[in-house]
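Values quoted throughout were computed directly from the atomic coordinates according to the rules given, and no laboratory measurement underlies them. Given the structure is predicted, the values throughout are model-derived calculations rather than measurements. Note that we place each Cβ from the backbone using ideal geometry, even for glycine, and neighbour counts take in every protein chain shown.
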Amino acid sequence: MTRDEALEWVRAEIKTKNLVKHILAVEAGCRELAKHFGEDSDYWGLAGLLHDIDYEKTLKSPALHTKMAAGWLRDKGIDEDITFVAAALMHPTKSLAGLDTEFLLKRYKEKRFAAGARRETIAACSNLGLSLEDFLEIVLKGMQSISDELGL
C-alpha cells in the first residue's frame, strides 16, 4: 500500500480533524525513528499512518481497538509488523517551532502534560536502545518536519 492510498483510507475512516493530525504526527515520528535506526522510513511511516485506523469505529468498544484494525490490515495484505506505536506530545503554544527536548523533559513528569499519552508506552523507547531524551528529540524532529500540515 502506498502512503497516498493509506492516507486516503485514513481520511475515509477518520472524520475528526485533530485525530487525523495525531495520526500524521505519529507517522512523522515513526519516519524519523526509522531514519535514526537506518530502517525503511516509508514502511514505518505506513505503520504510524495506520495505527489508529479503527479508532472512531471502536470508540464505544475500546477492547476492539487495534483488533479491528489488525483484521482490516490483514485483509488488505499489510505486513504483520505494522503494529508500531509512537506518542505525540503538545506544547502549550500549540506550535512546534519553539519546542525543544529540554522543555519536553521538564514537563514530561507533569500529569497534565500530554495527558492522553501513556507514559509506559513512551518509556518503552528504552527497548529500542534510546534514552527518553533521544526518543523525544527524534519524534519531535519528525513532527516539526510536517508542522505546517499539522497546523502547529
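Odds and ends about this structure:
- R0 of 22 Å, Cβ-Cβ distance Lys111-Gln144: FRET efficiency to nearest 0.05: 0.30
- Net length gained if the chain between Asp81 and Leu132 were fully extended (0.36 nm per residue, minus Cα distance): 16.0 nm
- Computed from the C-beta positions of Arg118 and Lys57 and an R0 of 22 Å, the FRET efficiency is 0.60 to the nearest 0.05.
- In terms of other Cβ atoms within 10 Å, Met143, Met1 run from fewest to most in the order Met1, Met143.
- Our estimate of slack between Arg74 and Glu39, defined as 0.36 nm per intervening residue step minus the Cα-Cα distance, is 10.4 nm.
- Ascending count of other beta-carbon atoms within 10 Å, so fewest first, for Phe103, Phe135: Phe103, Phe135
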